[in-house]
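What follows is a single structure, written as structure tokens, with notes after it.
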Amino acid sequence: MAAIVVMAATPGPYHPTPAPYAPHPAPHHGAPHGAPHGAPHGAPHGAPHPHGPPPPHGYCDPKAPPKCALHSDLPFCLEDPEYPEYEIANKISQDPIFLKKYSDVPDQSADDLVDHITAYQEHAFDYSYYTGASKGPSPFDLTHWSGPEGYLCPSIVDYAKIRRAVNVEGYWRIILQHIPKEYGYGQYNYTQTARLETCITPDSACRLLAPCYESKCTQKYVYHRMVSLDPCDPYRGFFIDTYKLPSACSCHVHQ
């Protein structure tokens, strides 16, 4: 039987075949080649970001104010163009114990909440002229302690339906305010009403008192519990949270 001899070819010199030209994409924000994403120009590879690592994609900061509060120093929003009305209605339909959490008296006024003052009287109180000091040349001028019927300390009273607010821990929450615009499931109104009374001129002198009393208008607050949603946790559902809200403006006289 004849043997088969396999002859190996002697390899020739290596000539690499050039790859077809393909332009490299420009680095993001002009970062040098090899620099990590978001690193400053000229920073070595792996160098820490000067302002700390950027937040992860999709991160929700519960303490960041919503758009409705960006141009206000109030800890709540009465109007909210981004209020999730559809999500609110959907969560009401999915919560079997919703009615055990919810309670409200939607029609509130001074007729029920202020002794000896009617709703008409309270609404008519107007202290827009008041500055907390005499309008005349003397601090004892009559204009300091004279004026129409009303409280010693001027205030703004609003029976409000808050849509977003900061809770006592500093987290922004969505407040349940369901007023359906069309017929469908959840066509009932589920609102939450809070009486807000805010001093017009806090720390100013009280009206009707002479300056020698060293009086001062003091803002008072109350803790209010409301059914809420966490905008950073859509799967949490409804829960009851606590909020600090302005409730009265009282006159305080120093000793």
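Bear in mind that the values in this text are calculations on the coordinates, not laboratory data. The structure displayed is predicted, hence computed values, not measured ones. Here the Cβ positions follow ideal geometry from the backbone for every residue, glycine too, while neighbour counts run over all protein chains shown.
Tabulated data for the structure shown
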read-out	value
Residue-by-residue Karplus 3J(HN,Hα) for the range 85-90, coefficients 6.51, -1.76, 1.60, Hz, glycine and proline x	5, 5, 5, 4, 4, 5
Burial order of peptide ranges 82-93, 219-230 (average beta-carbon count within 10 Å, highest first)	219-230, 82-93
Cα-projected label distance for CYS60 with VAL168, points at 7 Å along beta-carbon direction, nm	2.4 nm
Peptides 210-217, 67-74 ordered by average Cβ neighbours within 10 Å, highest first	210-217, 67-74
Highest average packing first - 94-107, 233-246, Cβ atoms within 10 Å	233-246, 94-107
Net lengthening on full extension, GLU79/GLU149 (0.36 nm per residue, minus Cα-Cα)	22.0 nm
Whether the range 72-120 is rounded, prolate or oblate, judged on the alpha carbon gyration tensor where a/c under 1.5 counts as rounded	oblate
Inter-label distance, nm, simple model (7 Å from Cα along the C-beta direction), ILE240/LYS161	2.2 nm
Distance violations [Cα-Cα > 26 Å] among LYS100/LYS181; LYS216/LYS244; LYS63/LYS216	LYS63/LYS216
Label-point separation, TYR223 to ALA210 (7 Å along Cα→Cβ), nm	4.2 nm
